[in-house]
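A.B. asks: Sharing a structure, written as structure tokens. Questions coming.
The numbers here are math on the coordinates, done by the rules we state, and not lab data. Owing to the predicted nature of the structure, the values given are computational and were not obtained by experimental measurement. Cβ placement follows ideal geometry from the backbone for every residue including glycine, while neighbour counts extend to all protein chains displayed.
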């Protein structure tokens, strides 16, 4: 993908400087100097301390390899030092010390990526004390960051890992028009969220349309959909002015810098193209309104989330370059979810838009492969030509794109991070399980080896997690 | 007859025999329509009768809404409507033992019909709240689910669990009958016990004692010569079939201690139980097996909470190894149509394929006394699904669904929407 070529150097630059957010917009690449000077953005004290874990090189042989780049073949994959070094029908002689895994009858895919999770912010065991996902005190809380709520010992984390998930975007909830920044985390054991934050992944900002904000703020406002729109516009008008003040100061360096405003800072990041917009929005007509909003303020919506009616405006999504993060079969649980159909992902894909299978569920995240299978077979049954490669992209390459990390992970290509899952069988079969999961080359889960089944602190003393057999 | 089945209970019950007679009378009502009178022959399929081993290339003959013959060389009666099932898989219709389809509007908040306020509602029967026009009904049929057990919720004793077929033009035609009384043990009913589990158990014991006493002293009660009871007598009356063991209590319980409390209660009062939830049932699998208590559970439930810190995916496998009859009752946001995938996941989590099929057909039917449901043995109600392949696989689909011998529509509102937006912009 050409994005890889244009953005990789920027990501590398920000990595060297210890910033967690790679810029997204190729039009306005901020210079390294501006990064170090600005007080407004990407402050280094919130940096990632994630470190790749050591693992000998791994060669998986004789497996069916699904690369998420268009091909599925019988062959091998070799990875070393966290990177994929060879993938194909033949990969040559592995270096000494390589762990060789026989993949006969098994399947290999990229690690799964979920664009929509609340793991850590709505942690198990689900007490009120652990309910940290919605700062429902103002319709605009762009100033809050999900990473400041994430509990790294949420016992849902190892369960997601056992489902083959290597990366997830943790989002604030949908009570607010603008709910705050997301965190893109690597699914690894950790004591602190800093040890999970994906270096080089941009922040996202959670926005929400429709029923939730207008219900939560029924008394204060917004209480209608038109009130919702007015609320987003007011927030971005303020952010525009904030951005202008800072841009001026950054250029002129005269006098005191403008006062910092965390709320406006996040939205200014959106306007600069440095923060992705992740927009909870069910109804087709509302998604169209949000695309207009983005046009008014000159930003892109990277992905709609839930998008139960995405199939009705899939052509508009394709034109806008906005992904649809959607479910396979959830719907009907509220009015704005009433028109859910099983062929949503297939129709979005057919229209040329980026389809993403998301979960919004600590249960669903454990079986993303199954949801992709449901959506794929629903499509083929309806006569829509969905390929297995497209379906595997719904849970790998496409969500990686929606998070702005597709130059780093999401496919099995040489040079990408070795986020790799070995499945006991066809991942689109109900009977298959993730057998081994490597997170940047490190064996994060092995169904056949209890010592490779991570338990959080919370799991200790509460019996075996029981990942199935 | 139909009015009878709408009632929450069979009226004052003199004894076991009378109740059973009424129950049987309810069962044998014939849903006699012209369509049901038709003879249908499903030919040449891979038949999984559940009552016996798989029959390759078998025929299933249906007359009057019942299966009349199953086998490889069973002749096709003259004049029968023939459905060629060559290469297809044929199973009994699936029974969802914790269904909501038909009771409320598609899961929309506030529009459910399975909850009555208050803690002690054994007389609550939701049958009149079933909506034959619910858009969820054809949707569940697309998943091969032909019957459901709708369980009321809330409080300590929520009411009667009602079995229904997903077919019929009126609630009383859909309903089969009440099959259990819903009992909640655990955090959900602490409120009914003044804030504690022990209080809830004590209240339940008092209700049982009162119901037994009331039943013994009906005449004195009418003469106002009894002490005050802890619940209105219509509620006590509704408890009696379960106290006598004619109906099971369908006990929502997840924590090991709650399941143990239920087992102890059943032993003390000689009650029949079916456990619903059973997140930690694996910890007491041997006790459940010994007491012959089936467990309806969610095979994918593995997220711990304080009602089930021991949640694990192989719960169902451990129960089967101990000899417990399991029932798969996954509550799935994708809807009850996904029951078959839950069964597939149960296989993934360690039980045999045959046991998984039984867990959505024969075992729920047996647990709830639906003696003419759950298999394709001759005499059973002809709820039959013809699948394109393995019913538990995503690649397969239910192609033909017969309920009471009648082919039902698998066209849903979702299909209407899909076809409108197949090409964009949609045709004007």
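A.B. asks: Compute the separation of the alpha-carbon centres of region A:200-253 and region B:322-343 and state it in Å as a whole number.
C.D. replies: 43
A.B. asks: Calculate the spin-label point distance for residue B:54 paired with residue A:388, positioning each point 7 Å from the Cα along the beta-carbon direction, and give it in nanometres.
C.D. replies: With each label placed 7 Å out from Cα toward Cβ, I get 2.2 nm.
A.B. asks: For B:170, A:47, which order do you get if you count the other beta carbons within 10 Å of each Cβ and list the fewest first?
C.D. replies: Exposure proxy ranking, most exposed first: B:170, A:47.
A.B. asks: Give the Cα extents of region A:290-407 along the principal axes, in whole Å, largest first.
C.D. replies: On the principal axes, region A:290-407 reaches 39, 37, 31 Å in Cα extent.
A.B. asks: Looking at chain B only, what percent of DSSP beta bridges run antiparallel? Nearest 5 please.
C.D. replies: 55
A.B. asks: What is the mean number of Cβ atoms from other protein chains located within 10 Å of the Cβ atom of each residue in peptide B:327-340, rounded to a whole number?
C.D. replies: 3
A.B. asks: Could you list B:116, B:54, A:106 in order of exposure, starting from the residue whose Cβ has the fewest other Cβ atoms within 10 Å?
C.D. replies: If I rank by nearby Cβ atoms, fewest first, I get B:54, B:116, A:106.
A.B. asks: Taking a quarter of the surface of the Cα convex hull of region B:334-424, what do you get in nm²?
C.D. replies: 7.6
A.B. asks: Sequence gap at least 6, Cα distance under 8 Å: using those rules, report the relative contact order of chain A to the nearest whole percent.
C.D. replies: 19
A.B. asks: What is the distance in Å between the Cα centres of region B:76-101 and region A:392-469?
C.D. replies: Centre-to-centre (Cα) distance: 39 Å.
A.B. asks: Please report the relative contact order for chain B, taking Cα pairs under 8 Å with a sequence separation of at least 6, and give it as a percent rounded to a whole number.
C.D. replies: With pairs under 8 Å counted, the relative contact order is 18 percent.
A.B. asks: Here is a follow-up. Which value, to two decimals, describes the C-alpha radius of gyration of region B:94-373 once divided by 2.2 N^0.38 Å?
C.D. replies: 0.98
A.B. asks: Could you list, bin by bin from short to long, the percent of Cα-Cα pairs of the protein assembly as shown in 20 Å steps?
C.D. replies: Whole-percent P(r) values from 0 Å outward: 14, 44, 32, 9, 1.
A.B. asks: Need one value for B:410-417: mean number of C-beta atoms belonging to other chains within 10 Å of its residues' C-beta atoms.
C.D. replies: Mean shielding count: 4.
A.B. asks: Moving on to the next point. Nearest-5 percent of antiparallel DSSP beta bridges in the protein assembly as shown?
C.D. replies: Bridges in the protein assembly as shown are about 55 percent antiparallel.
A.B. asks: Separate question: Just want to confirm a number: the relative contact order over region B:300-378, from Cα pairs under 8 angstrom separated by 6+ residues, in percent.
C.D. replies: The value is 24 percent.
A.B. asks: Go ahead and collect, in residue order, the members of region A:108-136 whose backbone nitrogen is under 11 Å from a label point 7 Å along the Cα-Cβ direction of residue B:187.
C.D. replies: The answer is A:124-130, whose backbone nitrogens lie closer than 11 Å to the label point.
A.B. asks: What distance in nm separates the simple spin-label points at residue A:128 and residue B:234, each placed 7 Å from Cα in the Cβ direction?
C.D. replies: 3.5
A.B. asks: Just checking the output field for A:335-345: average partner chain Cβ neighbours within 10 Å of each residue's Cβ?
C.D. replies: Per residue, the average neighbour count from other chains is 5.
A.B. asks: Have a look at chain A and give its Rg and Dmax from the Cα atoms, expressed in angstrom.
C.D. replies: 21.5, 68
A.B. asks: On average, how much area does the Cα convex hull of region B:170-294 cover when viewed from any direction, in nm²?
C.D. replies: 9.2
A.B. asks: Given a Förster radius of 30 Å and the C-beta distance between residue A:237 and residue A:47 as r, what FRET efficiency does 1/(1 + (r/R0)^6) yield to the nearest 0.05?
C.D. replies: For residue A:237 and residue A:47, the calculated efficiency is 0.45.
A.B. asks: Once label points are set 7 Å from the Cα along Cα→Cβ at both residue A:259 and residue A:315, what is their separation, rounded to one decimal in nm?
C.D. replies: Once both label points are built, they end up 4.9 nm from each other.
A.B. asks: Something else now. So, by mean Cβ neighbours within 10 angstrom, what's the order for B:258-264, B:180-186, A:203-209 with the highest one leading?
C.D. replies: Result, highest mean Cβ count within 10 Å first: A:203-209, B:180-186, B:258-264.
A.B. asks: Right, next: Taking other Cβ within 10 Å of each residue's Cβ, how do B:293, B:61 sort, fewest first?
C.D. replies: If I rank by nearby Cβ atoms, fewest first, I get B:61, B:293.
A.B. asks: Shifting gears a bit: Report the FRET efficiency, 1/(1 + (r/R0)^6), for residue B:225 and residue B:198, where r is their Cβ-Cβ distance and R0 is 25 Å, rounded to 0.05.
C.D. replies: 0.20
A.B. asks: Given the C-alpha centroids of region B:230-300 and region A:307-376, what is the distance between them in whole angstrom?
C.D. replies: 40
A.B. asks: At 0.36 nm per residue, minus the direct Cα-Cα distance, what do residue A:91 and residue A:462 gain on full extension? Give it in nm, one decimal, please.
C.D. replies: Full-extension gain reported as 129.2 nm.
A.B. asks: Order these peptides, A:167-176, B:401-410, B:370-379, B:188-197, by their mean beta-carbon neighbour count within 10 angstrom, highest first.
C.D. replies: Put in order of decreasing packing, that is A:167-176, B:401-410, B:370-379, B:188-197.
A.B. asks: Let me ask something else. Return the FRET efficiency for the residue pair residue B:78, residue B:290: r is the Cβ-Cβ distance, R0 is 60 Å, and the value is rounded to the nearest 0.05.
C.D. replies: 0.70
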